[in-house]
Structure formats: C-alpha cells, structure tokens
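The values are calculated or read from the model by the stated rules, or taken from the named source; none is laboratory data. This is a predicted model, so every value here is computed, not measured. We place every Cβ from the backbone using ideal geometry, glycine too, and count neighbours over all the protein chains shown. To get the accessible areas, we keep the full protein, side chains included, count just its heavy atoms, and leave off ligands, DNA and RNA. Shrake-Rupley method; radii C 1.70, N 1.55, O 1.52, S 1.80 Å.
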Amino acid sequence: MFGSKKKRNDLKRNDLMAQLRPDLSRESLGVGPDFPGVAPNPVLSSDARKRNAELRTGALALGVLVDWREVNSNPRVVLMFDVETADGISFRGIADEGLTITELIRLAPGQTLPVRYRPAVMDHYVALARDADPAHVQRLSDEIASRKRT
C-alpha cells in the first residue's frame, strides 16, 4: 500500500525511457534490472538533485569509460564506467553529466577518469570528479595498480 505508487511510477518511467530512447534501455546498456535507470530529466527530479549533491562530496575512485550515450543536444550524456575504489571494490557505474562540446569530443572508451561515488549507498551512480586534486588521483591510481600486482 505505502510506496506502491512510487514503484509503479518508476516502472512506468523506465518503460517510457526504453520506448523513447531504446539506446538508453537497460538491455542496450548491457546491465541487469537492478541497475539504475536513466531519468528523462534529472534536473526536474528532487531525488536526482539530492543524489547529485551527495555525489559532489562522495568518495574518490577511478572509472574506466566503457561507453557513453548522448541524451540530448545540451549535450547531456550518460557515461558508463567500470569503477575501482581505494577499498578494492569494483562495480559498474553510471554518470549523467552535462559536458561541453570540447569534453564530449575527447571521450573515448578505455579512458580512465576520476569519479565520485557514495560508499554508504552503492547504487551504481557516480559523478565525474572534476574538482579532484591531481596528486590525490595519482596516489589513488598507484594504490589500485599496486594492489593489482600482488
């Protein structure tokens, strides 16, 4: 009874996104049903605004760009990453970002970028860490590389 309307609306929104943009459906992104869906307009969603505010202060990790899809001509893009944290946790992450044309043309699969995530939630949402200190990113990269060698 309680919360059922929200769940029904989430299902409708995900079905709508799959119909409007089949290239952004969970199947075309290659993820399972537990992976978060892409909101048609996260700027208008209070949940998305709250999530984005939390991600701005989230923990730093490294993400290897797997794929990206342009959502609209702003350009707003959905980026998919294979993320590795300082704690050794690996997961598939999704970021919904507004990029400049210059940033957009520089995107290439396999590129490693710093991202932020919410360790307490671990819901696959990440954000580009544009404010990350390069020295901190380098230390994180070295730590992850040394762990892979052992």
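A few points about this structure:
- Taken over region 61-105, residues that are among the hydrophobic types (A, V, I, L, M, F, W, C), part of a strand (DSSP E or B) and under 23 Å from D47 (Cβ atoms) amount to 12.
- Residue count for region 101-111, restricted to those that are without any contact (Cβ under 8 Å) to a residue 24 or more places away in the chain and either open to solvent by less than 30 Å² (accessible area, probe 1.4 Å) or not basic (K, R) (or both): 3
- Identity of the residue in region 82-99, open to solvent by 30 Å² or more (accessible area, probe 1.4 Å) and more than 16 Å from M122 (Cβ to Cβ), that ends up farthest from the chain's Cα centre (by Cα): G98
- The residue pairs whose first member lies in region 112-126 and is touching a residue at least 60 places away in the same chain (Cβ under 8 Å), whose second member is open to solvent by less than 70 Å² (accessible area, probe 1.4 Å) and among the aromatic types (F, W, Y), and whose beta carbons are closer than 6 Å, counting only pairs six or more residues apart or on different chains, are H124/F35; V126/Y117.
- All conditions in (1) open to solvent by less than 30 Å² (accessible area, probe 1.4 Å); (2) modelled with pLDDT of 90 or more hold for A59, with the sole exception of (1).
- Residue check, V115 β-branched (V, I, T), crowded, with 20+ Cβ neighbours inside 10 Å and farther than 22 Å from P22 by Cα: yes
Yes/no per residue for (1) within 22 Å of R49 (Cα to Cα); (2) under 14 Å from the mean Cα position of the chain (by Cα):
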| site | (1), (2) |
| --- | --- |
| V64 | no, yes |
| R69 | yes, yes |
| R76 | yes, yes |
| M80 | yes, yes |
| I101 | no, no |
| A108 | no, no |
| Q111 | no, no |
| H124 | yes, yes |
| K148 | no, no |
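- The numbered conditions (1) touching a Pro at 6+ places or on another chain (Cβ under 6 Å); (2) outside any strand (DSSP E or B) are all true for R139 except (1).
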